[in-house]
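Peer 1: So that we are looking at the same thing, I have put the structure below in structure tokens.
Only the coordinates and a few stated rules stand behind these numbers; no lab work does. Predicted model, so just to flag it, every value in this text is computed and none were measured.
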Amino acid sequence: MGNRYNRIKLDRQRSYQESERLKRLDAEKTEFFMNMSHELRTPLTIILGMTQQLRQGKFGDSIHHNDRILETIERNSMRLLKQVSHMLRLGKPRSNLHEKPLPVATMLHMIVGEFVPIAEQRGIRLTEGFEQPVERATIAITSDDLEALVMNLLSNALKFTPPGGNVSAHTELQENGDLLISVSDTGVGIDTNEQQMVFDRYHSIGGESDQVQTGLGLTLVKSIVEGYHGSVSVESTKG
């Protein structure tokens, strides 16, 4: 009887542990899809914005402007597929065999320009700046990785900046030849003890009343930068 009681008690304990494990897995799955949907929202927003401009005839019959909008729609549709690929390969070894020198200023100007309608819609001023040598500089990185890197930095900055705020993208070539890309914003800021945690997957920042998820964007940025033997950091002042 004693052995039977022990078996029943043990089976109940195992059943409880398995139930808790399944609950955690379900919560993690839900959290993953919620965060992934956020990361995919940016290119979707650009696509929808450009589509609305076409439907409203904002540029009339201008073939040049309409072609440019269609190119933007096509480019961001491809980004949706690429973003999924980036997420699926998080934590896996990166292969940079197809990297080639890219014109930094041209690429960044194009990416920042596509975020201007989103910023305007949210009442945020988005600007960009380049130091003189950057206009002629190139960087050995795939276009997919550079786009994903800058897009996630801008998306994150716009996410935490209130209407009436400012977001700025700045690029400079340092004396040692390194390229520094920085994105600043006038959001609420992050506590010092949480700043390095923003690169963790699904990390929550803020207090109980204003807690938000950082999502996968900055984790992707860190993965891309370190794949090219670079580094990424954050500087912020709360309030």
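Peer 1: Subtract the Cα-Cα distance of Glu135 and Val232 from 0.36 nm times their separation in residues, and report this length gain in nm to one decimal. Before the final figure, lay out each step's value.
Peer 2: On the way: separation 97, 0.36 × 97 = 34.92 nm, distance 2.23 nm.
Between Glu135 and Val232, full extension yields an extra 32.7 nm.
Peer 1: Another question about this same structure. Determine the alpha carbon to alpha carbon distance for each of Lys159/Lys238; Lys100/Lys222; Lys23/Lys222 and list only those over 25 Å. Mind showing how you got there, number by number?
Peer 2: Numbers: Lys159/Lys238 16 Å; Lys100/Lys222 20 Å; Lys23/Lys222 29 Å.
Pairs exceeding the cut-off: Lys23/Lys222.
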